[in-house]
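Asks: The structure that follows is given in the form of structure tokens.
The values are calculated or read from the model by the stated rules, or taken from the named source; none is laboratory data. This one's a predicted model, so the numbers in the text were calculated from it and none came from an experiment. Every residue, glycine among them, receives a Cβ derived from its backbone with ideal geometry; neighbour counts consider all protein chains shown. SASA here: full protein model, heavy atoms, side chains in, ligands and nucleic acids out. Shrake-Rupley method; radii C 1.70, N 1.55, O 1.52, S 1.80 Å.
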Amino acid sequence: MALQDILIPDIGDAENVEVIEVLVAVGDEVRVDEGLIVVESDKASMEVPSPGAGRVESIEVGLGDLVQEGQLIVRLEPAEAQVELESVAPDKSPRQGSSSGSPQGSSQSPPTGSSAPDIERSASTVGDRFEVRVPDIGDAEGVEVIEVAVATGDIVAVDDLLVVVESDKASMEIPSPVAGRVIEVPIVTGAGVSNDTLLVVVETEGHAVDGDSGTSATSREPPDDPVVRPVSEQVAAPPEILKVAEVPEAAGSEAPRTPDKAAAVYAGPAVRRLARELGVDLAHVEGSGTQGRVLKDDVHAFVKKRLTGARTDSDAAGGIPRLPEIDFSRFGEVETHALSRIRARGAANLQRSWLNVPHVTQHDEADVTELEAFRRSLKSVAEARSVKLTPLAFIMRAVLHALKEFPTFNASLADGARAMVIKHYYHLGFAVDTDEGLVVPVVRNADQLGVFELAASIAGLSERARDGKLTIEDLSGGSFSISSLGGIGGTGFTPIVNAPEVAILGISRLVTKPRWNGESFEPRSMLPLSLSYDHRAINGAEAGRFIVRLCQLLGDIRHVLL
Ligand code: CAO
């Protein structure tokens, strides 16, 4: 069977346009209208579709080649159903040719050029109302609204983006030809539109439509030289929708006009189609093509990375964009150190908790005047036992007592937060600041320990933490955590819940404050408490009761005996 030669079609005045993307490979089966290559001049880019169905026998151009009208692109072995065997140039307007993709369509191509669709039919004034309609998009079918960039009440300037529509071959931005206030948006994203469909009604500002043109908004005439910009990444339009799409002046050098990142991506229709099929948000895909153009390979690589768990530059947990990498040496002298393993792992854990747990922090102050007097009175006993009795051991005792009264604080969420695991063990974690970073060793069965034993455990685990001698066992199985910054200072903070635990108690430095006792002010030792909790597991009232009870226990530690 004779091969079908597919040639570069009429590309208007443009000469020596560059091949910036080859969309097919030898052996590929292509359908009628399927893109073969993308060419680009300094003004525009265009996808060259296949006029017929068949198998790609050879590709006669390569990336970066400069090509011109009539040049051979691809040799196609036509599908059996196809009867056209002669050498043809594809119609730049495949939809106009015929649904069979007849190459004869090329002779019927409308004039080409980079001019935008005529807006004469796309906008009209009705009094002060300026109706922006879908411009002449030829006989393109299935044109879909892919973005509505304005809402009723928005103030728009001339050229502000209103709507983006997209056919299966191209997409097009429709900007406002007038300045004013949006008073009606009768379409929604996903709506199918055709020629002259009303998109947006703008109430014009005074008479000035466009300072340059001087056209009145209230005249029946549309403004001079209106521009309906195709989205740069979309090329190869069917007849009047987009014969040639404008390319941004060096894509990437200028901020995209549209506020929607996906719409600003520089990618061809075939790539967009692929991204849609694979459920990929193109805004997250880094383009490796000319001027950052996103290629099919980029989409595949993105999917592969996602599947293998690798992160891209632009995504992080939950699709949250990552902060840009900055070269700080541009601003002054710097030095860079790799984070220690502990610090890096701690950072990842903290971020995971912060992103997954809806945090609330409840603050209060416990009057620990008597407790402090008691602690000081035990100093010699503690020394005799070779332990240092800091407030933390007493705080732990009070916390353990409160945990038994409030079991939901000694718990974890399970089954996608549809169940709660209440723990009948009390393994208390406490944050230790080490040179290598923060670690949280666990005092196992802490409820079975007295104050001196707790103090000894704190000292022993802290020392092992600072010597880097903690075991996995020391670090696992915690059911509640305490973060004490009391020895350092500060008046309060918002500790991050050590998930999968559901709450953490932050301790700040106690201060002597005047307190009203009903008759006079007296100096009292006040201990600031910051209770952060997972709001999915614990409601605010419970947290309030917990912290009030804790203050009560710390205010009179004898309650712990009851
Ligand atoms: N108010 C006032 N003074 C306090 C206090 C408080 N709340 N808590 C402790 N102190 C005092 C102690 O009594 C001790 O005083 P002396 O030296 O006069 O005896 C001094 O502060 C130092 O105490 P410490 O920090 O050595 O001992 P600790 O039992 O209070 O804490 C430990 C042990 C391991 C928790 C602590 O050393 C530590 O590493 N804290 C940092 C925890 C951290 O980084 N948290 C932030 C994590 S992010 O959420």
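Asks: List the residue pairs whose Cβ atoms are under 9 Å apart, where the first residue sits in the range 368-392 and is among the hydroxyl-bearing types (Ser, Thr, Tyr) and open to solvent by less than 100 Å² (accessible area, probe 1.4 Å), the second is within 11 Å of the ligand (Cβ to nearest atom) and not in a helix (DSSP H, G or I), and the two are 6 or more positions apart or on different chains.
Replies: THR369/THR512; THR369/SER525; THR369/MET526; THR390/SER484; THR390/GLY486; THR390/GLY487
Asks: Just to be sure I understand, how many residues within the range 335-376 are part of a loop (DSSP other than H, G, I, E, B) and over 19 Å from HIS535 (Cα atoms)?
Replies: 7
Asks: Of the residues that make up the range 456-471, is at least one closer than 27 Å to ILE547 by Cβ, within 11 Å of the ligand (Cβ to nearest atom), at pLDDT 95 or above and part of a strand (DSSP E or B)?
Replies: Looking through the range 456-471, none of the residues is closer than 27 Å to ILE547 by Cβ, within 11 Å of the ligand (Cβ to nearest atom), at pLDDT 95 or above and part of a strand (DSSP E or B).
Asks: With respect to LEU438, determine if the residue is among the hydrophobic types (A, V, I, L, M, F, W, C), under 27 Å from HIS337 (Cα atoms) and more than 11 Å from the ligand (Cβ to nearest atom).
Replies: Against the criterion (among the hydrophobic types (A, V, I, L, M, F, W, C), under 27 Å from HIS337 (Cα atoms) and more than 11 Å from the ligand (Cβ to nearest atom)), LEU438 does not qualify.
Asks: Of everything in the range 500-512, what is buried (at least 20 other Cβ atoms within 10 Å of the Cβ), farther than 15 Å from HIS363 by Cα and within 13 Å of the ligand (Cβ to nearest atom)? Give them in sequence order.
Replies: Passing the criteria: only GLU501.
Asks: Considering (1) of a type outside the set (A, V, I, L, M, F, W, C); (2) buried (at least 17 other Cβ atoms within 10 Å of the Cβ); (3) not in a loop (DSSP other than H, G, I, E, B), say which one GLU453 fails and leave the rest.
Replies: Among (1) of a type outside the set (A, V, I, L, M, F, W, C); (2) buried (at least 17 other Cβ atoms within 10 Å of the Cβ); (3) not in a loop (DSSP other than H, G, I, E, B), the lone unmet condition for GLU453 is (2).
Asks: Could you run through the range 171-192 and say how many residues are assigned to a strand (DSSP E or B) and either among the acidic types (Asp, Glu) or open to solvent by 10 Å² or more (accessible area, probe 1.4 Å) (or both)?
Replies: Within the range 171-192, residues that are assigned to a strand (DSSP E or B) and either among the acidic types (Asp, Glu) or open to solvent by 10 Å² or more (accessible area, probe 1.4 Å) (or both) number 5.
Asks: Is the range 484-499 home to any residue that is surrounded by fewer than 20 Cβ atoms within 10 Å (Cβ to Cβ), more than 12 Å from the ligand (Cβ to nearest atom) and not in a strand (DSSP E or B)?
Replies: For the range 484-499, residues surrounded by fewer than 20 Cβ atoms within 10 Å (Cβ to Cβ), more than 12 Å from the ligand (Cβ to nearest atom) and not in a strand (DSSP E or B): present.
Asks: Still on this model: I'd like the full set of residues that are over 30 Å from VAL421 (Cα atoms) and either in a loop (DSSP other than H, G, I, E, B) or away from the ligand (no atom under 16 Å from the Cβ) (or both), limited to the range 513-553. Walk me through how you get there before you give the answer.
Replies: The initial filter retains those residues of the range 513-553 that are over 30 Å from VAL421 (Cα atoms), namely 513-527.
The answer is PRO514, ARG515, TRP516, ASN517, GLY518, GLU519, SER520, PHE521, GLU522.
Asks: Give the number of residues within the range 402-435 that are away from the ligand (no atom under 16 Å from the Cβ), crowded, with 20+ Cβ neighbours inside 10 Å and within 28 Å of ARG376 (Cα to Cα).
Replies: The number of residues fulfilling the criteria is 3.
Asks: How many residues are away from the ligand (no atom under 12 Å from the Cβ) and either among the hydroxyl-bearing types (Ser, Thr, Tyr) or under 49 Å from the mean Cα position of the chain (by Cα) (or both) when one looks only at the range 378-394?
Replies: So the count comes out to 2.
Asks: Now a separate question. Count, please, the residues in the range 513-543 that happen to be open to solvent by 20 Å² or more (accessible area, probe 1.4 Å) and closer than 26 Å to SER353 by Cα.
Replies: The qualifying residues number 6.
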